[in-house]
Amino acid sequence: MGDAIFAVMEQQDGKWNRMSWEALAAAQQIGSQMSRPVEALVIGAGVRGLAEEVAKSRASCVRLLDDPLLEHYTPDAFCMALQQVIAAERPYLVVMPHTYQVRDFAPKLAASLQRPLVSDCTCFRAEGGQFIFTRQLFQGRMNADLSFEGQLPYFVTVQAGSFSADRLIKGEGPAPVEHFPVRTERVQVRTKPLERFQEAKRTVDLSQAEIIVAAGRGIKEQEHLALIQKLAQALGAEVGGSRPICDNGWLPMERQIGSSGQTVAPKLYVAVGISGAIQHLVGMKGSRTVVAINKDPHAPIFEVADYGIVGNLFDVVPALIEEIEKAKTR
């Protein structure tokens, strides 16, 4: 009992949530340190092709939970399926991405099994024969170290960007895909999926963006947002903003980054006129490379930036756009 590490993969409409690969990478790292096998769980209907894609990664097996009631997400059906595979296979640890969907069903799943859940973990370490997981408190001002006790399995969700998908280990050959027979009952599914909610036609999930250009109060006026958008267009990036920008209505709230907005982990994050308040840093600190443009050399954003440009953004950004366009034509 309690041998394997489960990694729960998330997909919607046949497309992977990028954070699923980060959860699988985290499971691989934990499994390696604990000398435990890793098994990936793929949930849905008609998703064997996705399971075979996961099978290219190093895992002892990929368990396919395929059922018509799992075609569209509902917390009842997903918990029902996961409860069954957990009861049958009895894993040691279940690792999940800290997505909106997981945040919805994970507490229900853990509570139904009366097991502990540590959410939004940023790292782990072995200490004194135990595994210690770290999560942030008070908008990133403090780190809390937590360990598990009690009966297995334990549940963990991992913060976006904390475990890089680039560190995912490929297998020497495809892992076996094993169909797990899920027994679902429609009467137990109390919610009915409707059309997915969108605030606007161009609503974007910034957590999936690979490049983001974010604007802060340093742009001074709404009309200057056009300069930020031009830089984003040159980079092929999405546009985000700090809370003041979105509170002023210069950008829709769905593009707010920070503790009260979205948490992002792009490959490149360009912060323009952003001072770097802790509430904003919490939302973007998982970015792989951070470029900060600010005229204040003491701005906190420079403490987390990989590259910093101290200067007036109205001089720096046009010059940067010009150089990017030149590079694209070479």
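The values are calculated or read from the model by the stated rules, or taken from the named source; none is laboratory data. Since the structure is predicted, the reported quantities are computational estimates derived from the model, not experimental observations. As a convention, Cβ positions derive from the backbone with ideal geometry for all residues, glycine included, and neighbour counts pool all protein chains shown. These area figures cover heavy atoms from the full protein model, side chains too; ligands, DNA and RNA do not enter into them. Shrake-Rupley method; radii C 1.70, N 1.55, O 1.52, S 1.80 Å.
Each peptide in 299-308, 237-246, 165-174 was scored by the mean count of other Cβ atoms within 10 Å over its residues; highest first, the order is 237-246, 299-308, 165-174. With contacts taken as Cα pairs under 8 Å at a separation of at least 6 residues, the chain carries a relative contact order of 15 percent. Per-residue ellipticity at 222 nm, computed for the chain from helices alone with -39500 (n - 2.57) per DSSP H run of at least four residues, works out to -8500 deg cm²/dmol. Relative contact order of segment 80-215: 26 percent, from C-alpha pairs under 8 Å at least 6 residues apart in sequence. Carbon-plus-sulfur accessible fraction, the chain (probe radius 1.4 Å, protein heavy atoms only): 49%.
Can you give me the angle between helix 75-89 and the longest principal axis of the chain, using Cα atoms only, in degrees from 0 to 90, rounded to the nearest 10? Taking Cα atoms only, the helix is inclined about 50 degrees.
Per residue, segment 15-62 exposes an accessible area of 35 Å² to a 1.4 Å probe, with every protein chain left in place.
In order along segment 232-247, phi translates into HN-Hα couplings of 4, 5, 5, 8, x, 10, 8, 9, x, x, 7, 4, x, 5, 6, 4 Hz, rounded to whole numbers, per the Karplus curve 6.51 cos²θ - 1.76 cosθ + 1.60 with θ = phi - 60° and x for Gly and Pro. Accessible area per residue for segment 291-330 is 65 Å², calculated with a 1.4 Å probe on protein heavy atoms, without ligands, DNA or RNA. Charges were assigned to the Cβ only: +1 to each Lys and Arg, -1 to each Asp and Glu. The resulting dipole of the chain about its Cα centre is roughly 60 debye.
With 27 Å as the limit, the listed pairs 192/267; 15/170; 15/267; 15/220; 170/192; 56/108 have 192/267; 15/220; 170/192; 56/108 beyond it between alpha carbons. When only Cα pairs under 8 Å and 6 or more residues apart are kept, what is the percent relative contact order across segment 1-139? Rounded, it is 25 percent for segment 1-139.
Net charge of the neighbourhood of residue 181, taken over other residues with C-beta under 15 Å away and scored Lys/Arg +1, Asp/Glu -1, is -2. Extension gain, residue 314-residue 328: 0.36 nm per intervening residue step, less the Cα-Cα distance, totals 2.9 nm. Each principal axis of segment 124-247 carries a Cα extent, and these read 57, 45, 38 Å when sorted largest first.
Semi-axes of the equivalent ellipsoid of segment 183-330 are 32, 17, 15 Å, computed as sqrt(5λ) over the eigenvalues of the C-alpha gyration tensor in descending order.
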